[in-house]
Amino acid sequence: MTSVTVFGLTVESVEKLLRSVMYINSRTFPTPGHRPFALETHVICSDGKSLPVDSVKTLIMVLEPEKPIIMLSAAKVIETEEHGLIRGEKIFYNLTISAFTRTEANEHIYLDAKDPGSSETIASDDRYLLDLCLIRVNPQLNLDVEHIRYPENLLRQLRMEADISEDGVVIAGVDKLVSYVRVLQGVHYVSLRPEDVNSRAFVLTCTELNGRFVSNELKVTMKVNHIHHEQTRAPDSAGAQKIHLMQAEVPHQVKSLKVDRMNFDTQTVTGVVVMCVVCAGFVFVLVVLGIARIRNARRHIHNVSVEEKQEMEWDNSALTITVNPMDQEVR
């Protein structure tokens, strides 16, 4: 809407209507500056004549609104037992978040001074909405053995999102202060090696309007009380002497076992070497005998074949007949 028209039969009625016209900016933190406007008046007499009236130009100054102060408060130091870190320990179990302007804070201080028993709150949750809370961990998390656990079901109900990394956890989503208090009070620190953790520092900050307004930094230190198991039971003198003797005998027994094992290993290796040499010699003799037998067999076959060839060959020389003269004379 850029213009408003007011009708009236009398001057008084028109003035009354003009006094009820207001400028409204519905933004929680409007942009400061001036808003110009002009007032034009038309007067018509009973006889139908129009009277000229000069227009009035003016402006509305929009001042910069007071910045909200977002205050985080909780216990600064938390002491926990070593075994408690395995199932998880709450970091911000008594967290409170409040938002107010400086004027509201002054009024609250004035009311407290006037009525110390008053429990009036500074500002209602509906007026201020957070959009992000960041939990930073120092030193960085080792995600293999430790992590930050947050209430996943509650985040799902409130339509918030959470992202965990080595640096910490980011919880995002526009919601009321009380919703963020419920989520952050359910955040736990878990470590599968509590004996390696002496202390952990957590820093919490929250923002409004995409980081336009930032809360104070709430630093919480978690200290771990370790249990020294070796000091829980002190052995008597006789038991200590017995343990000392056992500790003295054990190295000697271990040493003798090592020497016997070394001797056994040496004898075993020597026997294996002798067996290998004997087997190799036996194989060598068999190979030599085999070669000799093969050579003798080849020579025997060659000689037999030559003799048979000589016996089978035909003598093609001329025949010579010799007659005994004595046989002829007798006839």
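Using 0.36 nm times the number of residues separating R136 and N216, minus their current alpha carbon distance, what extension gain do you get?
27.4 nm
Quick one: Karplus J couplings for segment 127-136, per residue in order, coefficients 6.51, -1.76, 1.60, θ = phi - 60°, nearest Hz, x for Gly and Pro?
After applying 6.51 cos²θ - 1.76 cosθ + 1.60, I find 7, 10, 10, 8, 10, 6, 9, 10, 10, 9 Hz.
Of the listed pairs K76/K223; K16/K49; K90/K219, which have alpha-carbon separations greater than 22 Å here?
Pairs exceeding 22 Å: K16/K49.
How do S199, S13 rank by accessible surface area computed with a 1.4 Å probe, from largest to smallest?
My answer, sorted largest first, is S199, S13.
Once R0 is set to 25 Å, what does the formula 1/(1 + (r/R0)^6) return for the Cβ-Cβ distance between S55 and F29, expressed as a FRET efficiency to the nearest 0.05?
FRET efficiency, S55 to F29: 0.15.
Between H226 and Q157, what length comes free when the chain is fully extended (0.36 nm per residue of separation minus the Cα-Cα distance, one decimal in nm)?
21.1 nm
The values are calculated or read from the model by the stated rules, or taken from the named source; none is laboratory data. What you are looking at is a predicted structure, and each value in this text was computed from that prediction instead of being measured. For neighbour counting, all protein chains shown are included, and Cβ atoms are generated from backbone atoms with ideal geometry for every residue, glycine included. Remember, those area values only see protein heavy atoms, side chains included, never the ligands or the DNA or RNA. Shrake-Rupley method; radii C 1.70, N 1.55, O 1.52, S 1.80 Å.
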